[in-house]
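Colleague: Below: one structure in structure tokens.
The values are calculated or read from the model by the stated rules, or taken from the named source; none is laboratory data. Keep in mind it's a predicted model, so treat the numbers as computed, not measured. With ideal geometry, Cβ positions are generated from the backbone for all residues, glycine too; neighbour counts draw on all protein chains shown.
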Amino acid sequence: MPDTRAQQLRNLGKSTPTLHELHPRDAQIYRRQMEALREGNPHAASVYVYGGDEYAEMRLFVTDDGRSGIALKGDEIVSLYAHRDSNHPGAANSMLETAVAAGGRRLDCFDTVLPDIYAKSGFVPVARLKWNDDYAPDGWNYSTYAPFNGGRPDVVFMAHEPAAIGSMYESSSGRYVDSYDDGIGAVRARLGL
């Protein structure tokens, strides 16, 4: 990340830690951190945890204390995590922008607090998929997520646009699509992939 952007983040009270790339043989370490984050976290159901073999096929980046990290699955950013006891509070935007520098161009998430965070790092909503109870993640608690469309938030598909760094998320943006694959396709088309 450019020094000027790192300073902007620090001025906002955000951490800008150096990230270290894990070797594929250390994928289980990454997965264990993801699993540990889910323990006792009422919002854990909104984060998908891949298998260790799947993480071994990704690029995995962690902070020096291992308590925050981000993964790249090709050009897709996945599995961003930050434990409350991390030595690097507020590092999400720094990690996102490091992942972009490493080739990340797209991501998707539930329309909760995450799109607001991602927008600040230049991710813009391209498409959205309406909630479907049949595909609710294991452990989903509709009461916990009630502030977000009554516990049934859309899935938002976002593309990185450098000119949008520092922007605000608009919850009504992005066109509705009929399937998850259509959402991925819309983002890839927007990025020219």
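Colleague: Only one residue in Ser172, Ser143 is free of Cβ contacts under 8 Å to residues at least 12 places away in the same chain and under 15 Å from Ser46 (Cβ atoms), so which one is that?
Modeller: Result of the check over Ser172, Ser143: Ser143.
Colleague: Something else now. Checking the structure you have, find out if any residue of region 133-156 is loosely packed, with under 11 Cβ neighbours inside 10 Å and among the aromatic types (Phe, Trp, Tyr).
Modeller: Checking region 133-156: at least one residue is loosely packed, with under 11 Cβ neighbours inside 10 Å and among the aromatic types (Phe, Trp, Tyr).
Colleague: Now for a different question. Is it the case, given these coordinates, that Ala82 is outside the structural domain of Arg188 (by TED's automatic domain parsing) and more than 22 Å from Asp178 (Cβ to Cβ)?
Modeller: yes
Colleague: Would you pick out the residues in region 9-27 that are outside any loop (DSSP other than H, G, I, E, B) and without any contact (Cβ under 8 Å) to a residue 12 or more places away in the chain?
Modeller: Arg10, Asn11
Colleague: Run down Val62, Val113 and say which single residue is surrounded by fewer than 16 Cβ atoms within 10 Å (Cβ to Cβ) and either modelled with pLDDT of 90 or more or more than 26 Å from Pro137 (Cβ to Cβ) (or both).
Modeller: Going through Val62, Val113 in turn, the sole match is Val113.
Colleague: Determine whether Glu57 is modelled with pLDDT of 95 or more and among the charged types (D, E, K, R).
Modeller: Against the criterion (modelled with pLDDT of 95 or more and among the charged types (D, E, K, R)), Glu57 qualifies.
Colleague: Count, please, the residues in region 169-185 that happen to be loosely packed, with under 11 Cβ neighbours inside 10 Å and modelled with pLDDT under 95.
Modeller: Result for region 169-185: 1.
Colleague: Still on this model: Scan region 148-162 for residues that are charged (D, E, K, R) and under 20 Å from Lys120 (Cα atoms) and report the count.
Modeller: The total comes to 2.
Colleague: Separate question: Looking for something farther than 23 Å from Ala27 by Cβ and of a type outside the set (D, E, K, R) - is there at least one such residue anywhere in region 80-92?
Modeller: Looking through region 80-92, at least one residue is farther than 23 Å from Ala27 by Cβ and of a type outside the set (D, E, K, R).
Colleague: Follow-up question, since we're still on this one. Would you please list the contacts, defined by Cβ atoms under 8 Å and residues six or more apart or on different chains, that run from a residue in region 28-57 that is more than 22 Å from Asp111 (Cα to Cα) and without any contact (Cβ under 8 Å) to a residue 40 or more places away in the chain to a residue that is surrounded by 14 or more Cβ atoms within 10 Å (Cβ to Cβ) and among the hydroxyl-bearing types (Ser, Thr, Tyr)?
Modeller: Every condition considered, the pairs that remain are Gln28/Tyr55; Arg31/Tyr50; Arg31/Tyr55; Tyr55/Tyr30; Tyr55/Ser79.
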